[in-house]
Every structure is written in C-alpha cells, then in structure tokens.
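Undergrad: If you scroll down you'll find the structure; I have some questions about it.
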C-alpha cells in the first residue's frame, strides 16, 4: 500500500513539473515579443521621417523616401496609415514616393530662412562680376563641390572677365546620419566663402524652393552681376566658351539660353520620378523649359524671373516651374547646341565605348552626368599644353560589327 501511494505521488509530482515546464516555455516564448513590441521596438524609417515632418518648424513640401528592405506586415500597415492611402493592396515601393496631398496643403510655404549667406560675394567686385556660377548641391556632396572649385568653377579671371561662384544647399534629409553636418558646412563656408544654405529640406521636390530662393538672393545681393550660369554639380562646363558667347550679348537685355525642351508631356505613370497627377497639372503639354543641368541668363532676366516666380504657384519639378515663370514674363528661351544637359553621344563611332576626346568637348559649353573623376580628367586634358585639335578624326560611316550583323545607332 505504501509503495502504491509513493508511486502515485511521484507520478503526480512528475506531471506537475511537466505541466509547469510547458507553461513556462509558452510564457517565455510570448513575453519577449510583447516586451519588445512595447518597450524596445524602434520606429521604422518611414515612421521617423513622418514624425520629423510633423515636428514644429519642419519645412514643407518634402519628399518621403520609402526604404527598400523587406518590412513585416505590421510596419507596412503603419506606414500606409501614416500616408493615409486607402488601398486594398500595398502600394509598390518606389525610389521616390511623394505625398501630393501634403504638398498641395503646404505649397504656399515658400519663405525660408537663409542660414548661411555670402552678402559680399558680388559687392566686393568693382562694377560687379561678369559671370556668377551658381551650382545646386547637397550637404553630403563635398567631393563634388571640391572638384568644381578646382576645375571649371574656379573664381577669378577667365578671358579677362571676373567669375564668382556659389553653391546652393538646403538642410539634409537624414540629420541623424550626418550628425556633425552643421559644424562641417559652417567650416566649409568659412574656408571658401561660397555656401548658401536655406532652412528647407534638400529633396528632389524641393528643388523649386531652391530655385526661387536663389533668384531672390541674386536680386538682393548680386544685382550688379551681368550674367548667371546656374547648373548641377555633376556637369562639366567650358567656361571659356561661355564667356566668349556672353561677351557678344548685352546684360541689360533679356537672355535665357540652354538645352530647351519643347512640347514635353506630363508623366502620368505613378512609378516615375517625374509623375504628376492630372489634379495638379491638367494641361497636356508643359511650357518650353531648360534642362536643369545648366543654363544661362542675363541680369535683366534674373530680376524679372525673381518677380514672376512670386506670382506663379509652386510646382514640384523645378525645370518645368522655371518654364512657367518664363511663360509668365512672355520670354522664349533660346536653344543652344552646346548645352548637353541630357548627356552626349559618345564621340566614338561605337557608342558603347567609353572615350574621352577633349577635342570633342572643346566645342561644347555644358555636358551633364559626369563623375568626379571624369570632370577632373576632362579639365586636365582640355588645359594640357600638348592638346592639339587640328586633325580631328571624322567618322563617315556608322560603326559596324565584323559580321555586319548589327549597326550601332546614336
């Protein structure tokens, strides 16, 4: 009898221990997930962006970028809620997700503080500079600014004409990654005296803000300039050719020259970087505008555009917006073949070959989409004392493969 009771007690004790272990393992499995969700879970990249956007003093409009890494469904739902998108399926992730509703609600916010100024940039030159080079840049692209300073964007005399330079910047999108950006950009400004920094977020759709703020700055602080070249930091500019071209024009007359695009149609494909819904722009054709890689304008046109842009509603594509301002002052931009703001056909007969023929670049004014090393290389080749372009090779026939099966097209 005692043996039987002892066996029952041991069996009961074993069952209790097994049940307790099972319950403990289930609690151990559930508790960390709940704790992490409540206490340790970090907000997603998109949630942090929208949290920053809602913070007081944050400028609008902005471009919100959706991260590419895979996201669990719970975060995906939170992001959709923040975007206020009512869809049955998750929207496709693109490189440039833009909240048009937020943009339209804040499109009239166009006056932002100038954090770094160069008020004496033009005034220190007797009679004003002949040409002001204004380059769109972002805080983190120091290497591109430096290569411009050391090559085509040098300040000083070019063909006897005085050249000055400024870089146009907004505040960086990701301030946490660039924790010391303010210190670095102020030190850069003190070293070179060529930084203009405004208090709006530097995004693709805020380039229009950069356009109007620069025009306002130029009208106030550089009204004595004769001509302005405005372009990107990834272009190669033959300043000698530009000066030679401008010397034949009067700065007191209207002038707007570049790679002009005519009859361009708004892109209605939502995945496109340049997508514009019909509710924002209902016409089928844009006004004529210059490719943003680089264009020239006279002092008179700069002042007229500065006033006109205050009367035109902001548009999220800066090139098109400036075309709207040109239309407002009834000024037709001039197409010049020397501006290649959409890149160039390679000088080789085989377009797939990467060639650098300085004699080909010698006759151009602006070439877009070049890497830092390419800008440096072309600058040095063009200014080499051994450069001779008297015997340029002309290709009379299109490139052909040996079997003459394929023919390269330009």
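Undergrad: Under the 0.36 nm per residue contour assumption, what length would be gained going from the current alpha-carbon distance of residue 303 and residue 363 to full extension?
TA: Here the segment from residue 303 to residue 363 would lengthen by 18.6 nm.
Undergrad: Arranged by the count of other C-beta atoms within 10 angstrom, fewest first, what order do 261, 185, 135, 267 take?
TA: Least crowded to most crowded, the residues run 267, 261, 185, 135.
Undergrad: Further question on the same structure: At 7 Å along Cα-to-Cβ for each site, give me the label-to-label distance between residue 149 and residue 240 in nm.
TA: Using points 7 Å along Cα→Cβ, the separation is 2.5 nm.
Undergrad: Find how much the distance from residue 332 to residue 280 grows on full extension, using 0.36 nm per residue of separation minus their present alpha carbon separation; answer in nm with one decimal.
TA: Values: separation 52, 0.36 × 52 = 18.72 nm, distance 2.40 nm.
Roughly 16.3 nm would be gained on extension.
Undergrad: Describe numerically, in nm with one decimal, the distance between label points set 7 Å from Cα along Cα→Cβ at residue 124 and at residue 388.
TA: 4.3 nm
All of the numbers you see were taken from the coordinates with simple rules; none came from a lab. Being a predicted model, the structure only gives us computed values, none of them experimental. For neighbour counting, all protein chains shown are included, and Cβ atoms are generated from backbone atoms with ideal geometry for every residue, glycine included.
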